[in-house]
Every structure is written in C-alpha cells, then in structure tokens.
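> Handing you this structure, nothing more for now.
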Amino acid sequence: MQNRMKTHQLQEAEIKALMDRCPVGVLATVNTDGTPYCVPVHFARHKDAVVVHGLPAGQKIENIKANPSVCLSAYEMQGLILPESKNPCSTNTAYMSVIIKGKASLLEDFAEKKAALMSIVTKYTPQLAENEMPEKAVKATAVIKIEIEELTGKYYS
C-alpha cells in the first residue's frame, strides 16, 4: 500500500459523505477480451450497496453479464497546491477520492428496482423524490447493483 494511502485514509463517514456529493463516478468493467472499459455514470448509495442506472443495453451491461467484477471510482478535486519554491514538479493536488470494488448484477425485481432508482432520484433531484415514478420508466431502465467487496477512500490537502 502506498504511504499516502496509509497516512491519508478517509473514515467511513467521510467516504459516505463524498459518495453522496460526487455527481459522477467512473465505472470500470471488463470486456470479453480482458481489456478494461470505463464509463462515467451517475450513482448512489442504496442500503449496503451502490446503484447505477442507465439503458438496458450497451457495453457495460454486456460486460457485467459476462463478468460481474467491477470497480467504481469518484473523486473531488479541491484545488492545486502550488509550491513556495515555484518548482512546477512540486505542484500537488488537494483531493478526496473513493474506490469501490465489487460484484455487479442487474436488478430484475420491480420493487427493488424502484427503491434503487429512488435512491438515485433522492441524490440528484431531491425536489422530485415525492413524485410517483412511472411503472413504464422503471421497467425500461436498467439498474446495476454493486455489492461492495472493498471500499477505500483517501485524501490529500
């Protein structure tokens, strides 16, 4: 483990807060030829998992069906830390980041999908969270559930 990871770990509450405020994460899946595939996604915490929504077809869906191992990362850049020495190689970045490794599956149960989608609605559009979700929209939306196997967060400031 890198020294910075050992000395600059986020606590669980900080990781959850970061996940709740990061608007975009990057979901990494594995192509059938073994190469990585990364795509930006909206995501939310849901119970003890992370959920992602999207179209019911496409590369990330096909990859998850073939290999459920995924990694989702999200970060928040807080700014650059400029060195007093004015040495450009000594410039650093203040940030917070989270990495989630786990197994992904597609939710099929209507009630479970609807609840997971409501977690996403609550995160991104809380003003709409009390509105009823159309059944047709829930059925037409893919919901990926990531069971968390490893969750780490780090910071530098």
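The values are calculated or read from the model by the stated rules, or taken from the named source; none is laboratory data. Predicted model only: the values in this text are computed from it and were never measured. Neighbour counts run over all protein chains shown; Cβ positions are idealised from the backbone, glycine included.
> Within region 98-112, count every residue that is crowded, with 19+ Cβ neighbours inside 10 Å and touching a Lys or Arg at 6+ places or on another chain (Cβ under 8 Å).
Qualifying residue count for the region: 2.
> If you take the residues in region 112-139 that are over 14 Å from residue 45 (Cα atoms) and small (Gly, Ala, Ser), which one is nearest to the chain's Cα centre (by Cα)?
129
> Another question, then. Quick check on this structure: which one of 65, 103 is modelled with pLDDT of 90 or more and within 17 Å of the chain's Cα centre (by Cα)?
103
> Looking for whichever is basic (Lys, Arg), closer than 24 Å to residue 35 by Cβ and touching a residue at least 24 places away in the same chain (Cβ under 8 Å) here; the options are 154, 123, 103, 114. Which one fits?
103
> When residue 84 is evaluated against the numbered criteria (1) among the charged types (D, E, K, R); (2) without any contact (Cβ under 8 Å) to a residue 24 or more places away in the chain; (3) under 26 Å from residue 30 (Cβ atoms), which criterion, by number, is the only one it fails?
Single failed check for residue 84: (3).
> Okay, next question. With a cut-off of at least 1 residues that are within 22 Å of residue 138 (Cβ to Cβ), name the strands (runs of 3 or more DSSP E) lying wholly within region 1-87.
25-30, 36-41, 43-46, 49-54
> Run residue 46 past the list (1) over 22 Å from residue 118 (Cβ atoms); (2) in contact with a helix residue (DSSP H, G or I) (Cβ under 6 Å, 6 or more places away or on another chain) and report the number of the one that doesn't hold.
Here residue 46 meets the rest and fails (1).
> What are the residues in region 101-145 that are within 18 Å of residue 65 (Cβ to Cβ) and in a strand (DSSP E or B), if any?
Across region 101-145, the qualifying residues are 102, 103, 104, 105, 106, 142, 143, 144, 145.
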